[in-house]
Amino acid sequence: MSMLSEYRIVVVGTDGSALAEPTVARAALQARCEDADLVIVCAFAEMPRRAEAKNVATLGGDSRLGQVLGRNAASAAIAGAVAVAQEQGATIAAALLVDGEPAAALMSVAAERNADLIVVGARHQRSIAERLLGTVATEVTKRAPCDVLIVRPAVEEGDLAVPEDSPAADVGQ
């Protein structure tokens, strides 16, 4: 019979949506109970307006579905996640902003840090776009180098909006 090992490093993704808080709380609780380090990751897209317009015109929609748009929005999502993790008493080893696709960012950080567990949130119902393109949770469970814990919302309340920088926040940057 194989021995189960303790989790030493737990990686959690956040996007600042309504599902992010319970996901981070669960990861933080798991990390605290296992006396593990918690690494919080927020993947975001930093795309110049011209490239964004070309992307939308070419693809017929925004390919960054579910991704935090802009560094300011990502920073706010990370700050919120850190506050939730601190409330749970977790030891936060790092809070990282990663410019890139969410699943790839989680996998990369998990591999770099030799994570034992990745925690992601997943909704019960998915949109047609998510069914066709896949979700972060689906991609992570397929390719993760370690265990994966999927947190589902207690009650599904419509769309879980992902934050983005307001146009005014981009002025002067």
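The values are calculated or read from the model by the stated rules, or taken from the named source; none is laboratory data. The structure presented is a predicted model; accordingly, all values stated were derived computationally and were not measured. Here the Cβ positions follow ideal geometry from the backbone for every residue, glycine too, while neighbour counts run over all protein chains shown.
Descriptive notes on the structure:
- Selected residue (criterion: modelled with the lowest pLDDT) from residues of the stretch 127-139 that are part of a loop (DSSP other than H, G, I, E, B) and in contact with a helix residue (DSSP H, G or I) (Cβ under 9 Å, 6 or more places away or on another chain): Gly134
- The stretch 30-78, residues that are more than 15 Å from the chain's Cα centre (by Cα), part of a helix (DSSP H, G or I) and at pLDDT 80 or above: Gln30, Ala31, Arg32, Cys33, Glu34, Asn72
- Cross-chain or 6+ apart pairs with Cβ under 6 Å, the stretch 27-40 first and polar (S, T, N, Q), then crowded, with 24+ Cβ neighbours inside 10 Å: Gln30/Val10
- Residues of the stretch 89-106 that turn out to be assigned to a strand (DSSP E or B) and closer than 20 Å to Asn72 by Cα, as a count: 6
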